[in-house]
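The values are calculated or read from the model by the stated rules, or taken from the named source; none is laboratory data. Fair warning: this is a prediction, and the values are worked out from it, not measured in the lab. Please note: Cβ atoms are built from the backbone with ideal geometry, for glycine as well, and neighbour counts cover all protein chains shown.
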Amino acid sequence: MKDIEYQITSPVEPTFLSKRVDSYLSERVANWGGGHILHGIEPSPGSVMMVSNDYLHVANHPEIIRAQVDCLQNTDNTMVMSAVYLHGDTAQTVFERDMATWMGRPSALLCQSGYAANVGLIQSISAPDTPVYIDMFAHTSLWEGIRSAEMQPRPYRHNDLASLESSIVRHGPGIVMLDSVYSTNGSVAPMRETVEVAKRYGCVIIVDESHSLGTHGPAGAGIVAELGLNDDVHFVTASLAKTFAGRAGIIVCSERLRFHIKYNSFPGIFSSALLPPDIAALSKTLEIVKSADLARAKVQASADYLRTGLDALGYNVDISHSQIIALEAGREQDTMKLRDALEARGVFGSVFCAPATAFKRSLIRLSVNAGLTHEDLDHVLAVCGEIRDEVDMASWPSTKRKQKREQVSMRAVS
Ligand SMILES: Cc1ncc(COP(=O)(O)O)c(C=O)c1O
């Protein structure tokens, strides 16, 4: 490995620790040819960057930076403490109310991250013996919430309503958890139908809108709001480290449930609140996101353009219906080959591998953002066309799945 001298074991490591580290090094890192699968070359100026979740391209917005600087200079920043001690009207409660109003909900609770929001929410509403129905592709923070609450997950097949319903029928009413847009491959949940099934059996519903808040729905208010499901979904959660380009998370729900979660979520109680400049940035970002219809339309149009182009080149991107598009090479060696071929030509995406994907389904995620130009997208398509043989795309499991599907549909037509 280039960066780390990983043979040095001083101070002395007890055997259990050495074994744990050695197994990662020998079972994973040793297969990556001296580097780490997540890191290829450094981008150079002019590279097309499709790594960031800053979908509306607001991270460097001068008004957001100004809001933080003004806040640092003009606010009392000394109240460094857990959010449970926040009392009365504060910048945080004002922001929470603004978020709730925008999303069409009674109230909202700001958290330190999307991860903390999901873990704290689940842990604070958990009840022994309550089944939890979770889409197999749902975000790890939801799974971790289930684990920390010592609840029993009942995974259902991705976006498969029959699988969900048969499990509920077998195990009884519980909590249904899903993402609106899935972060690894950009698939979109059949939200209306999933909510219908969950409601029919009296389940609590949690939707993680991390990858749709700000990009989807009226003024960016998300898919639940867009579909008029606010009165049916108990909790919408989101990371504000995607479209909001900040470091925070949010839970929106009823006032009663917010009150309960605020004083029972362990990440809320035992970890410190965000600081005033964080809140100032988020408040300004909310104003900008609300009025960003043009950027939202551009993101969707660019994603459609890229998806159509990749499909025509033979890449299997069928599962994506959003700004997230995955090139699934499958085996890690093949994903690294793809990463290197793209990066050598100035295209940078994010490598996703185990534990973020199944072992043989590693991929490169391309995230479309409003800052990408038409030339950028055409460059990505030109590169993807050029490298097909070099990366041996024909041998990828995703390519074979696409070919099989095409054969079946041709047979059906003829
Ligand atoms: C769907 C989803 N939920 C939650 C999170 C966690 O968000 P955060 O980075 O704010 O902790 C992420 C981030 O990767 C995500 O993609």
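Tell me, which helices (runs of 4 or more DSSP H) lie completely within segment 215-334 with 3 or more residues that are under 30 Å from D76 (Cα atoms) and more than 14 Å from the ligand (Cβ to nearest atom)? Spell out how you get there, then give the answer.
Values: elements: 223-226, 255-262, 266-270, 276-290, 293-312.
Result: 255-262, 266-270, 276-290.
In segment 124-144, which residues are within 20 Å of the chain's Cα centre (by Cα) and part of a helix (DSSP H, G or I)?
Answer for segment 124-144, where residues must be within 20 Å of the chain's Cα centre (by Cα) and part of a helix (DSSP H, G or I): T140, S141, L142, W143, E144.
Quick one: what pairs do we get from segment 139-162, first residue farther than 21 Å from M191 by Cβ and aliphatic (A, V, I, L, M), second within 16 Å of the ligand (Cβ to nearest atom) and not in a strand (DSSP E or B), C-beta under 9 Å, 6+ apart or different chains?
A149/V119; A149/I122; A149/Q123; M151/I122; M151/G145
For every residue, the table says whether it meets (1) touching a helix residue (DSSP H, G or I) at 6+ places or on another chain (Cβ under 7 Å); (2) at pLDDT 95 or above; (3) under 30 Å from T399 (Cα atoms).
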{"site": "I261", "(1), (2), (3)": "yes, yes, no"}
{"site": "V289", "(1), (2), (3)": "yes, yes, no"}
{"site": "K298", "(1), (2), (3)": "no, yes, yes"}
{"site": "A301", "(1), (2), (3)": "no, yes, yes"}
{"site": "T308", "(1), (2), (3)": "no, yes, yes"}
{"site": "L313", "(1), (2), (3)": "yes, yes, yes"}
{"site": "Q323", "(1), (2), (3)": "yes, yes, yes"}
{"site": "R331", "(1), (2), (3)": "no, yes, yes"}
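Please find, within segment 289-318, the residue that is farthest from the chain's Cα centre (by Cα) out of those that are surrounded by 20 or more Cβ atoms within 10 Å (Cβ to Cβ) and of a type in the set (A, V, I, L, M).
Per the stated criteria, the residue is L310.
Residue by residue through segment 145-169, note down the ones that are within 11 Å of the ligand (Cβ to nearest atom) and more than 17 Å from the chain's Cα centre (by Cα).
Within segment 145-169, none qualify.
Could you check G46 against (1) within 16 Å of the ligand (Cβ to nearest atom); (2) in the same structural domain as Q333 (by TED's automatic domain parsing) and say which number it fails?
(1)
Are any residues in segment 109-133 more than 9 Å from the ligand (Cβ to nearest atom) and buried (at least 24 other Cβ atoms within 10 Å of the Cβ), and if so, which ones? Step through it out loud before you land on a result.
Quick first cut of segment 109-133, residues more than 9 Å from the ligand (Cβ to nearest atom) only: 109-110, 119-133.
Passing the criteria: L109, L110, V119, G120, L121, I122, V132, Y133.
Looking at segment 92-123, which of its residues are within 19 Å of the chain's Cα centre (by Cα) and in a loop (DSSP other than H, G, I, E, B)?
Result: Q112, S113.
Can you spot a residue in segment 83-100 that is touching a residue at least 12 places away in the same chain (Cβ under 8 Å), in contact with a helix residue (DSSP H, G or I) (Cβ under 6 Å, 6 or more places away or on another chain) and loosely packed, with under 15 Cβ neighbours inside 10 Å?
yes
Taking segment 197-214 only, how many residues are part of a loop (DSSP other than H, G, I, E, B) and either over 22 Å from the mean Cα position of the chain (by Cα) or near the ligand (Cβ under 10 Å from one of its atoms) (or both)?
7
Given the structure, is R339 under 22 Å from the mean Cα position of the chain (by Cα), over 25 Å from G214 (Cβ atoms) and of a type in the set (D, E, K, R)?
Yes: the conditions hold for R339.
Does E375 meet the test of being over 27 Å from the mean Cα position of the chain (by Cα) and either part of a loop (DSSP other than H, G, I, E, B) or assigned by TED's automatic domain parsing to the domain that holds Y305 (or both)?
no
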